[in-house]
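Below you'll find the structure, written out as C-alpha cells, and then a few comments.
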Amino acid sequence: MQDLIYQMKVKKGSFVIEGLENVQINIGKITAEEEQVVEGPTPRPEIISLRNWDYRLLDRYNPVYTPTSDMCDYCTYGKCDLTGNKEGACGIDLEGQSARQALMTSVMGAACHSAHGRHLLHYLIKKYGEDHPIDVGPSNLKAPLTETIMGIQPQTIGDFLPVLEYVEEQLTQLLAAANTGQEGSSRDFESKALHAGMLDLLGMEVADIIQISCMGLPKSDEKTPMAEIGMGILDPKKPVVICVGHNIAAPAYILDYMDKNGQFDKIEIAGLCCTAQDMTRYNRNAKIIGSMSKELKYIRSGIPDVLVTDEQCVRADILKEAKKLHIPVIATNEKITYGLPDRSNDSVDEIIDDLVSGKQDGALLLDLEKVGELIPKLAMKIGPIRKAKGLTALPNEEDFKKLVAKCTKCLQCTRDCPQSLPIGDAMAAAAGGDLVPFEILHDKCVGCGRCDFSCPVDIPVLNVIEKAAQRVIREEKGKMRIGRGQIGDPEIREEGRNLVLGTTPGVLAFVGCGNYPDGTKDVYDIVEEMIQRSYIIISSGCAAMDIGMYKDKEGKTLYERYPGRFIKGNLLNTGSCVSNAHIAATTIKVASIFAGRKTKGNWEEIADYVLNRIGAVGIAWGAYSQKAFAIATGCNRLGIPVVAGPHGTKYRRAFIGKPYRKDDWNVLDGRDGSVVNVEPAPEHLMITAETKEELMPLLAKMCFRPSDNSLGRAIKLTHYIELSEKYLKKMPDDWHVYVRSEQDIPVAKREPLMKLLEERGWKIDWEKKKITEGPLRKVDVSFQPTNVPRLCKEVKK
Amino acid sequence: MTKIAQAVKREKMAGKPSEKNVEKPVEKNLEKPSEMPSGKEEVKPAAEKVIDTTRSAVPFDTANIPGPKMARAVMPAVPGKMLARAKRPLLIVGSEVHDTDVLARAVAIGKTGIQIAAVGNAYTSLGDKGLDVHYINMHALASYLCDPNWKGLDGKGGYDLVVFFGITYYYVSQAISALKNFSNIKVISIDKYYHPNADMSFGNLKDDVFIAALDEVIKELPKR
Ligand code: SF4
Ligand code: SF4
C-alpha cells in the first residue's frame, strides 16, 4: 500500500491577512507546494520496523562474538564473570553482552557522524538560510539514503532538519535499550545495532550533502585536482598550521582569511585525518599530512606551530604533547575542549599574546570568525619564535646514539605495541649504524605512543623511531585526487548494467582508518592489484589518503595513473569520512536508476536488491574507531559485505556465513516465489582476514552475487582463481560451487577446469563440451533472486 | 548461534562448582582428567631441565587480560600427549609459520597425519608438502568450530582438540575467545606466546626455547 505524505514546508516570516490588519500571523515554516509520494512500507523506520529484514540477515550471517573481556562491568551488580556464556547478575549472558557492545559501538559511531552533521547544519543554516538549495551535481536522486530511509526528497538544506531530528530520536531510543534491565536478546541487540548503522549512513549523508551544497565542495566531479599528501610535503621554515579532526567549519574560516590576505605563500596549512580531506575540497591550497596514525608523529616532529582541533580522531593527549613543544592548541568544537579556557569573547590580540607568551597552552574558541583571523596571525607570530628555538621532541644525533645503546632488548615495548613490532631488534641494528629496520618499522607503526610508557630504561621509543626514519619521512610526498562527492546519475547509467550482470567484477570500497596490520603500503599494494583487474575502486577518508602515499617506478601515484570515473578500472575518492555515505548510496542509485526500483521509504527492497545483485564490498583494512564499525554495520543492513583487517576482530562481532549449511542459501525467485538453493553469495557480511594475501582472493569471492550472468560470473571466477593461485598458491577449494554451467567457466581455462569438475564427479559431455550434471543450479538469465517473500509476484505454497 | 550458545552454557555450568571461586579454574575445565595429563608432574625431569614452557605465563600483549579464566601454562609433553590421544585433532597455523625452523615443525606435525588448517597466508608454505592441509579463514574457522554440526574441513566430522601456533598474536587470541566462551572444544596454544584465551598454553618463550618446545611436542606424537 502506498502512503501519501503532504509535506508542509514554508518560508519563515510574518504576514497580515487583508481585513484582519490587527492580526499578524507568524510562521516558522511554510507549506510546500509539492506532494511527495512514499513508495515503500517503511518511511522513517522505527527500531523494529525493519526487524524482519535484520532477522533474514542474521539467520544467514550468524553473529560471531570474539569478546575482549569475558566480564561485564556496566552496572553496580558487577563485575560479573560471563565466561563460557554464563549469565551475570542482571540475567544477561556473554552473547547478549557482546551484542549489547555491538549496539553501543554502533550508536556511538552514528552519534558521532550525526552530531557532526548537526553542528554543520546549525552553522550552515545560520550562514546560508534554511532555503539554500541542495546541489550535489548531475543527479536527480540527490540524497539516496534520505529518500530510502525517510521517504522524502529533500530540496533545501532546511529539509534535513527533520531528518536529523529523526536520527537523534532513534539514537536515544537505541541507547535506552542498552541500559541494564532493557533488551536481553542478542538477536534483537543486533537488529538494533543494524538500525544504528543505518542511521549512521543517514547522518553522514546529511553532513556531506549540506557542506557540498553550501561550501562549494566538488559536486560529482570525476576530474578534481590533486592534493599533496605526506609528512614530507610542508616547508618547515614557514609558519605551519595543522588542523586536526573531521569538521570543516573552523578550517574553512582560516582558509578564507588566508585567501583574502594572500597568505598561502607565507604560511603552510595542512590537515590531519578527515579535516584534511575536506580542507582540500574547500580550498586547493590546503595540504594533507595523513591519517590519525601520523598525528603524534607529526606533533613530535615539532614542525607544527599551531594546532587547531575540531572533532573526531583527535588524540586525547594532544594538549599535553603540544605543550611540551610550545605549540598552542585552539579547540573549536564543544565536543573536545580539554579543560581549555573559553576565550570566545576575548579579543584576538589578547588571546595571541597569552598563547605566544606561554601564559596559556591553548584556548577554546567557538567564534569561528575569530578562529579564522586568529590562526594565521598566531602562526605568523609564534612560528619564527618556535623555529628559532628549534623545538622538537626528536633526539639529536648524539642523544639518538646514546638512547639506542641503552636498549636491553627486554621486549616490553613489543608486548605493549599493538603491532608487536620488533623494536628491540631495530634498536640493536641502529646501535650498529643500520637504520633500515627502523625505516621499515616506521611504516608499520601506527604512532600510538604506547611504547613510550613501557620502556623500563626510559627510552622515548616513538621519538627514536621517528628520528631514525627521517630519510624516509622526507621522501613521504604523495598525491591524492581531491574528494569528488557523490557518483552522478549519468555515471550510474553507464555502469549499472555491468555491475549487476557482473561484467565489471565488483566495486571495492576502501574506507576507514590507518590501523593497518602490516603498514600503509599494503593498502597501496591491494588497490594496485585489484584496479589492474578492472575492479572499480572507491575510497574515502584516511584510506583514500593512504592510497596516494606511494609511487610506482616512474614516480606516479595510483591517482595519477588511474582516472576517477565510476567505471571499471578507475580509482575514486569520494572525500572525508562522512562521504562514505555516497559509497553506500551508490548501490541505492544502481537499484533505482538501473533497475527502476522505488526508493522512498523502501529500505528492505533496496537492501534485498543490493545483497543479491550488486557486487560491492567494503574494505576497512585499518579500521579502529566506533564510527568505522557503525559504517560497516550500516552497509551490512544495506546488503553490502565488509572485510576488516585482523585488528577488526577486536570489534568483537562479525557476521559470518556458513556455506556448508545448505538451507541458509535458499532464496526466492521473485517471478513465482519458488525456492532456489543458490551458491553462498555473498558468503559473509562482515569478516576479517589475517594478511593482504588472504584478503585479495577473499575480496574477489565476496563479489559473487546470485544475479551474475555467465559472462560476469566467468570474469569474477577468473579473478578469484587467479588471485588465490597468485597469493595463496592454490586453487580455491570452493571455486566449483560458483559454476552453474560451462558458460560460467573462464574460456581460457574451460577445458582443464572442466576436467577438474569431472574428477569431482560432475558429468561432462565432452563432445558438446557441456556440463550435464553437477552444478547446484542452472543459469537463468531471468532469475529474480530475493530474500523477501512479499516481493514475489506469486508466492508458491 | 543462540541455541548452540545455550547448549554450551548448560554444559559448561552443569554440575560444576561456581567458576568464580576456584583457584585454578582451568583445571576444573578438564572434563576427562584421566585422558588429559595435567601438567608439569607428567613431564620427564630431564626434559624439564632443558626447557620450561610454564614460565612467563602472562598475556604477551600486556593488556590482553580477558577475565578470571586464563590458560593453564603447560610443559610440551601435555599438548603432545593430548594430540597423540585425540581422536580428531586439528592443528591451526597462520601467517607466522613461514620461518624455516617453525615451518619444519608444522610439517613434522602434519606428517604424523594431523590435519592442518592453514589460515592467513600459511598455505603458501605448506601446500606443497604432501600434508592434509586446508586453507581456511581464521575468523570463519572459529565460527564453524563453535557449531557442533560442522563436519570439519574435509567433511569427515568435527574436532575434539584444536592446537595452534604461528598466527598473528592478537588475531588468534580474539578468534579463540569465541571457542573459549561459545564451544566445548579444547584449545591449546603451542605458540611462543602465552595465550590467555586458550585452555592451555606455553608461557612467553624465546625463539630457541619455542623451537625446542615444539620438538618436545612432536616427540610425543606417534610416527606414521
Ligand atoms: S608508537 Fe608505534 S612502535 Fe610504539 S607502540 Fe605504537 S605502534 Fe608500536
Ligand atoms: S622496552 Fe626499552 S629496553 Fe626494552 S626492548 Fe623496548 S626499547 Fe629496548
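Percent relative contact order of chain A, based on C-alpha pairs within less than 8 angstrom and at least six residues apart?
Working: 1752 pairs, mean separation 114.3, N = 797.
Worked out over chain A, it gives 14 percent.
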Check: What ranking do A:V675, B:V93, A:V667 get, fewest neighbouring Cβ atoms within 10 angstrom at the top?
Finding: A:V675, A:V667, B:V93
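For peptide B:126-139, compute the average count of partner chain beta-carbon atoms within 10 Å of each residue's beta-carbon. Write out the running numbers ahead of the final one.
Numbers: counts 2, 4, 2, 0, 0, 0, 0, 1, 2, 8, 2, 11, 7, 15.
Partner-chain Cβ atoms within 10 Å, mean over residues of B:126-139: 4.
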Notebook entry, point to check: Translational D (Stokes-Einstein, µm²/s) of chain A at 10 °C and 1.306 mPa s when Rh comes from the Kirkwood sum over C-alpha pairs?
Noted result: 57 µm²/s
Notebook entry, point to check: What list of ³J(HN,Hα) values in whole Hz, one per residue of the range A:248-263 in order, does the Karplus curve 6.51 cos²θ - 1.76 cosθ + 1.60 (θ = phi - 60°) give from phi, with Gly and Pro shown as x?
Noted result: 6, 3, 5, x, 4, 5, 5, 5, 4, 5, 5, 4, 4, 9, x, 9
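So what is the relative contact order of the range A:687-759, in percent, for Cα pairs below 8 Å that sit 6 or more residues apart?
Values: 63 pairs, mean separation 21.5, N = 73.
The value is 29 percent.
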Checklist line | Under the Karplus curve 6.51 cos²θ - 1.76 cosθ + 1.60, θ = phi - 60°, whole-Hz ³J(HN,Hα) for the range A:358-369, x wherever Gly or Pro sits | finding: x, 4, 10, 7, x, 8, 8, 9, 9, 8, 5, 4
Item checked: GluC sites (Glu not before Pro) within the range A:306-353: DSSP coil, no more than 12 neighbouring Cβ in 10 Å -> A:E334
Notebook entry, point to check: Given H placed on each backbone N at 1.01 Å, which residues far from B:K186 in sequence or on other chains put an amide H within less than 5 Å of it?
Noted result: B:V162
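Under 37 °C and 0.692 mPa s, how fast does the range A:397-474 diffuse according to Stokes-Einstein, given a Kirkwood radius computed over C-alpha pairs? Answer in µm²/s, whole number. Write down the numbers at each step before the final one.
Values: Rh = 12.0 Å.
Translational D for this selection: 273 µm²/s.
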Next item on the list: Subtract the Cα-Cα distance of A:D73 and A:D131 from 0.36 nm times their separation in residues, and report this length gain in nm to one decimal.
Entry: 16.1 nm
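Based solely on its DSSP helices, what 222 nm [θ] is calculated for chain A when runs of n ≥ 4 H residues each add -39,500 (n - 2.57) and the sum is averaged over all residues, nearest 500 deg cm²/dmol?
Values: 28 runs with 324 residues, N = 797.
Theoretical 222 nm ellipticity from helices: -12500 deg cm²/dmol.
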Checklist line | Hz values of 3J(HN,Hα) by residue in the range A:515-530 - Karplus curve (6.51, -1.76, 1.60), Gly and Pro given as x | finding: 8, 6, x, 9, x, 5, 4, 4, 5, 4, 4, 5, 4, 4, 4, 6
Next item on the list: Enumerate the lysines that A:K266 could reach by cross-link, defined here as Cα to Cα under 18 Å, with residues fewer than 8 away along the same chain left out.
Entry: A:K237, A:K238, A:K287, A:K377, A:K381, A:K387
Margin query: Please list, ordered by chain and number, the residues whose modelled amide H lies under 5 Å from the amide H of A:C243; skip anything fewer than 5 residues away on the same chain.
Written below: A:A270, A:G271, A:L272, A:V308
Note to self: How much of the DSSP bridge set in the protein assembly as shown is antiparallel, in percent, rounded to the nearest 5?
What the structure shows: 35 percent
Checklist line | Least to most buried among A:C214, A:C445 (fewest other Cβ within 10 Å first) | finding: A:C214, A:C445
Next item on the list: Provide a whole-number value for the mean count of partner chain Cβ atoms within 10 Å of the Cβ atoms in peptide A:80-90.
Entry: 6
Item checked: Beta bridges by DSSP in the range A:269-399, antiparallel share as percent, to the nearest 5 -> 10 percent
Checklist line | Cut-off 13 Å, label 7 Å out along Cα→Cβ of A:K770, residues of the range A:740-761 by amide N | finding: A:741-743
Item checked: Length-normalised contact order of the range A:397-474 in % [C-alpha pairs under 8 Å, at least 6 apart] -> 32 percent
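Give me A:M258, A:M530 sorted ascending by neighbouring Cβ count inside 10 Å, so fewest comes first.
Working: A:M258 22, A:M530 25.
By the 10 Å Cβ count, ascending, the order reads A:M258, A:M530.
Coordinate-derived values only; no laboratory data. Everything quoted here is computed from the prediction, not taken from an experiment. Don't worry about glycine lacking a Cβ; one is built from the backbone with ideal geometry, like all the others, and counts go over all protein chains shown.
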